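Below is one structure, written out as structure tokens; the observations come after it.
Read-outs throughout are calculated quantities, based only on the coordinates presented, and are distinct from any laboratory measurement. Because the structure is a prediction, the values reported are computed rather than measured. Positions of Cβ are generated from backbone atoms using ideal geometry, with glycine treated the same way; all protein chains shown enter the neighbour counts.
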């Protein structure tokens, strides 16, 4: 691999970091760019000044590797940003990604829990130790608020307003939003925080932390650990619909929609910038919504 290729990618990475992108996004972009670096090496590109045809060859190679359309689209998004940056910096004379379309994605229905399964999942005896209290609080909070797992793991004590029962959430793109939670979630949170305090008091020289959810060493839980804990609980409860922890977010949105909540309010709760994204999360409830509409609308009840 020519040094010029690597140098350009490195400069791009530094520029992205200076923009304040999250470490997760930076890492994802690095992995995406490694793929085109490898392809450029295999095809013996002489520079980044490539043709649209050469770029299409790279896109085709992603499908040939068996990569799903969602992953291909994500990589293409990074590649588009990279080549546009190079054009702006005058490293290339034209952008070969212009006009490239993302591969068509198969529309898979998101899995979600029935209300019965959701209650079964949350039906647990009073916790008797830190681990039980933490797991119950994690899943109760997730289903009560529809948070992303990353938002749940990133929650700090100062973000929790127990008196008004709201959470201050820092979502994607650094956007803040207020999310309410109900009495049962408050109860599980209060119980967990007692065990959290006892644990920290028992740890010699425990590092100071503002994280709500911590491990037995007293440091913040990682998103991976949160997902693992929730997945284990879902399996242990024998819930028929084996959903991922993210499926609880879908369940939260779908159940609210089926109860008649306005879609735009659900959009605010989920922290979506686009209403179409919220519709994708909740479209499983459209049938029930249509039935409610037909029963409620005065014109719908009359024969044409």
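If you average the sequence gap of Cα pairs under 8 Å that are 6 or more apart and divide by the length of region 3-88, what percent do you get for the contact order?
Working: 26 pairs, mean separation 31.7, N = 86.
In percent, rounded to a whole number, it is 37.
Can you work out the FRET efficiency for the pair residue 205 and residue 7, with r the C-beta to C-beta distance and R0 = 45 Å, to the nearest 0.05? List each step's numbers first, then the result.
Details: r = 44 Å, r/R0 = 0.99.
Plugging the Cβ-Cβ distance into 1/(1 + (r/R0)^6) gives 0.50.
Between residue 132 and residue 222, what is the spin-label point distance in nm, taking each point 7 Å from the Cα along the Cα→C-beta axis?
2.8 nm
Residues of region 134-172 with amide nitrogen under 15 Å from the 7 Å Cα-to-Cβ point of residue 197?
The answer is 157-158, 162-163.
At a Förster distance of 41 Å, what's the computed FRET efficiency of residue 67 paired with residue 215, Cβ-Cβ distance as r, to 0.05?
Details: r = 34 Å, r/R0 = 0.83.
Efficiency, rounded to the nearest 0.05: 0.75.
Work out, step by step, the length gained on full extension between residue 91 and residue 166: first 0.36 nm times the residue separation, then minus their alpha carbon distance; give nm to one decimal.
22.1 nm
Please rank 195, 181, fewest neighbouring Cβ atoms within 10 Å first, as an exposure proxy. Could the numbers behind the result be given before it?
Numbers: 195 18, 181 21.
If I rank by nearby Cβ atoms, fewest first, I get 195, 181.
What fraction, in whole percent, of alpha-carbon pairs in region 115-243 exceed 18 Å separation?
Working: 4341 of 8256 pairs.
Pairs farther apart than 18 Å: 53 percent.
Determine the distance separating the Cα centre of region 178-212 from the Cα centre of region 77-139; give it in Å without decimals.
Their Cα centres are 27 Å away from one another.
Once fully extended, how much extra length lies between residue 123 and residue 246, figured as 0.36 nm per residue of separation less the alpha-carbon to alpha-carbon distance?
Values: separation 123, 0.36 × 123 = 44.28 nm, distance 1.93 nm.
Using 0.36 nm per residue and subtracting the Cα-Cα distance, I get 42.4 nm.
Once both labels are modelled 7 Å past Cα along the beta-carbon direction, what's the residue 34-residue 190 spacing in nm?
The answer from the label model is 4.8 nm.
Kindly state, to the nearest 0.05, the FRET efficiency for residue 114 paired with residue 21, given R0 = 51 Å and r defined as their beta-carbon distance. Each step should come with its number before you reach the end.
On the way: r = 38 Å, r/R0 = 0.75.
Efficiency for this residue pair is about 0.85.
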